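Chemist: I'd like to ask you about the structure that follows.
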Amino acid sequence: SDEVNIYTGRHSFDYVSKATELSEEAATECPHVSIDASRLSKVESGKITMIATERGVGVCAPEHLVAQGDVIVNTSGPLSLPKVIEASGDIEIRSGAALKLSGVSFSASGYLCLSGESLLIDGASHVRSGGASSSGKASMLLEASTSLENKGNVSSEGGDLAIDVGSLENSQKLA
């Protein structure tokens, strides 16, 4: 298909503009995970969007996400990351909790953003961006409100690497 769009939480969705509007209504009970695609081995599409808007609710992603365009995963809660993300466009991963990359391979031809409360990239992980996005952002953004610990291979090819973290510990490639 051209697009896979999964939106969960208390909001309304406009199918024409693809805009979401959050509801003012407070949730009395929230599930721990609102998107659970962990039983899927692979999701492949032109563009993949997975957004969980409910406060503190997480996403379990499938093993592989492959897009001929962009991959966007955004949750205010915990995120169980896929092992492989390949995108001919941009990759944007945002979580309100800690992001722990363990043995992952993320490759974007364009912009790549990893944002969480903290970021931990283990020694078996490879994260690569190929160049600046069409919106003029740096090739890669690593963002954490507390800390970034990198033991993996992080490479921003053809563009700038922007790091916005409280503290940085780096023992491997961060370029």
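The values are calculated or read from the model by the stated rules, or taken from the named source; none is laboratory data. Just so it is clear, the model here is predicted, and its values are computed rather than measured. Note that each Cβ is placed from the backbone with ideal geometry, even for glycine, and that neighbours are counted across all protein chains shown. What goes into the accessible areas is simple: the full protein's heavy atoms, side chains included, and nothing from ligands, DNA or RNA. Shrake-Rupley method; radii C 1.70, N 1.55, O 1.52, S 1.80 Å.
Chemist: Under a 5 Å amide H to amide H cut-off, with H placed in plane at 1.01 Å, what residues pair with residue 6 once short-range neighbours are removed?
Modeler: HN-HN under 5 Å from residue 6: 49, 50, 51.
Chemist: Using heavy-atom solvent-accessible surface (probe 1.4 Å) with all chains present, what is the largest-first order of 44, 3?
Modeler: Order by accessible area, largest first: 44, 3.
Chemist: Oh, and also: Counting only other residues whose beta carbon sits under 10 Å from that of residue 155, what net charge do I get with K and R as +1, D and E as -1? Could the numbers behind the result be given before it?
Modeler: Working: positive: 128, 173; negative: 157.
Surrounding charge for residue 155 is +1.
Chemist: Moving on to the next point. Can you give the accessible area of residue 86, probe radius 1.4 Å, in Å² rounded to 10?
Modeler: Approximately 90 Å² of residue 86 is accessible to the 1.4 Å probe.
Chemist: Can you pull the percent of Cα pairs in region 78-175 with separation above 19 Å?
Modeler: Result for the distance tail: 32 percent.
Chemist: Can you give me the distance in nm between label points at residue 63 and residue 98, each placed 7 Å from the Cα along the Cα-to-Cβ direction?
Modeler: In this crude label model, residue 63 to residue 98 measures out at 2.6 nm.
Chemist: Heavy atoms only, 1.4 Å probe, whole protein assembly: order 60, 113 by accessible area, highest first.
Modeler: 60, 113
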